[in-house]
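Working notes, beginning with the structure itself.
The values are calculated or read from the model by the stated rules, or taken from the named source; none is laboratory data. Just so you know, these numbers come straight off a predicted model, no measurement behind them. Here the Cβ positions follow ideal geometry from the backbone for every residue, glycine too, while neighbour counts run over all protein chains shown. Each accessible area value is taken on the protein alone, full model and side chains, heavy atoms only, with ligands, DNA and RNA left out. Shrake-Rupley method; radii C 1.70, N 1.55, O 1.52, S 1.80 Å.
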Amino acid sequence: MPSDFDRLVSALRRAKRVSVLTGAGMSAESGIATFRGAGGLWEGRRVEEVATPEAFSADPVKVWRFYEGRRRAVKAAAPNPGHEALAALEARFPAFHVATQNVDGLHRRAGSRNLVELHGCVERRYCVVCRRTEEDLEPLDDLPPLCKGCGGMMRPDIVWFGEPLSVEAWEDARQAARESEVYLVVGTSSQVYPAAGLALVAADAGAEVFEINPEETPLSPVFTGAIREPSGKALPRVVAALFG
Ligand code: APR
């Protein structure tokens, strides 16, 4: 019996169109905390306190303090071998797409280009009054930051719980899922929808769906196979098996 790793490599050898959905586990080896589980960002904290529009209206400084901590962590971090492997794969396939739930920008920093950031990015913020945007990871000393154009309050360019995804981002990710022959689900607990549903869109459209995650998830039973390893180890192994 071939291992799931071997089945994934064979599927990739046949495929021309490959898509990937990533989550917080993808950046764990870059030192960025995941959300769920021991040591996760949501441990001992309710998402409603910092990751909803209601929380921002009630206490923008508290929400900004949380995101300022995340911005500083992201600034200090670097892409890991998993991010680099995905960027390398993009150059090798006629169609290769990454949809990430991560807001850390590490896929872009690693060189992924056909990329959609479904939940936004901590590098960007926009004015709630005039929608002017700013983009950087420089420390913000005065919270909340104010718009240099109109003086309005800026908010992180993050999709919070209860907010819709951008229609263009969603359509882009959904089309990539529908058209893929192989779909990789990397480092996500597959608990937050609609993003988690992209793997089901791919499976329904006939893709072979492989999970790369040390742990099982609620969607594991419907996938073609699983590589139970950290992505920073598994993805470079995939690149080496295909092109090494
Ligand atoms: N490699 C691969 N997977 C890993 C690694 C690793 N090195 N380390 C942990 N994981 C897995 C965990 O087993 C878990 O299944 O990553 C997953 C992380 O799950 P979550 O913390 O729930 O993160 P994610 O799925 O991205 O969360 C989705 O929820 O809070 C919101 O908006 C936030 O985008 C986020 C969304």
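Before moving on, here are some points about what is shown:
- 3J(HN,Hα) along segment 50-58, derived from phi through the Karplus expression 6.51 cos²θ - 1.76 cosθ + 1.60 where θ = phi - 60°, amounts to 9, 10, 9, x, 5, 4, 5, 5, 6 Hz, with x in place of Gly and Pro.
- Placing unit charges on the Cβ atoms of the charged side chains and taking the dipole of segment 3-61 about its Cα centre, the candidate lying farthest along the positive direction among F5, S30, V50 is F5.
- Relative contact order (%) - the chain, alpha-carbon pairs under 8 angstrom, separation at least six: 25 percent
- Peptides 22-28, 152-158, 7-13 ranked from most to least packed, by the mean per-residue count of other Cβ atoms within 10 Å: 22-28, 152-158, 7-13.
- For segment 174-179, Karplus couplings with θ = phi - 60° (6.51, -1.76, 1.60), whole Hz, Gly/Pro x: 5, 5, 4, 5, 5, 8
- Percent carbon-and-sulfur accessible area, segment 1-58, ignoring ligands, DNA and RNA, probe 1.4 Å: 51 percent
- Mean-position separation - Cα centroids, segment 1-22 and segment 72-94, in angstrom: 19 Å
- Calculated P(r) tail over 21 Å for segment 38-121, as whole % of Cα pairs: 42 percent
- Heavy-atom accessible area, probed at 1.4 angstrom with all protein chains present, ranks V201, V74 as V201, V74, highest first.
- Cα long-axis angle, helix 231-243 against the chain (0 to 90 degrees, to the nearest 10): 40 degrees
- Average accessible surface area per residue within segment 25-127, 1.4 Å rolling probe, Å²: 41 Å²
- Solvent-accessible area of V192, all protein chains in place: 30 Å² (probe radius 1.4 Å, heavy atoms, ligands and nucleic acids excluded).
- Test item: Cα-centred dipole of segment 33-89, Lys/Arg +1 and Asp/Glu -1 on Cβ, debye: 180 debye
- Built amide H within the under 5 Å cut-off of V116, gap 5+: V98, A99, T100
- For GluC sites (Glu not before Pro), the sites in segment 207-244 that DSSP calls loop and that have at most 15 other Cβ atoms within 10 Å are E215, E216.
- Placed amide H near I212: partners under 5 Å, 5+ positions off or other chain: V185, V186, G187, I227
- Working from the Cα coordinates of segment 144-216, the gyration tensor eigenvalues give, after taking √(5λ), semi-axes of 33, 15, 10 Å in decreasing order.
- Between segment 101-157 and segment 210-233, the alpha-carbon center distance in angstrom: 31 Å
- Principal axis box of the chain, alpha-carbon based, largest edge first, Å: 61, 35, 31
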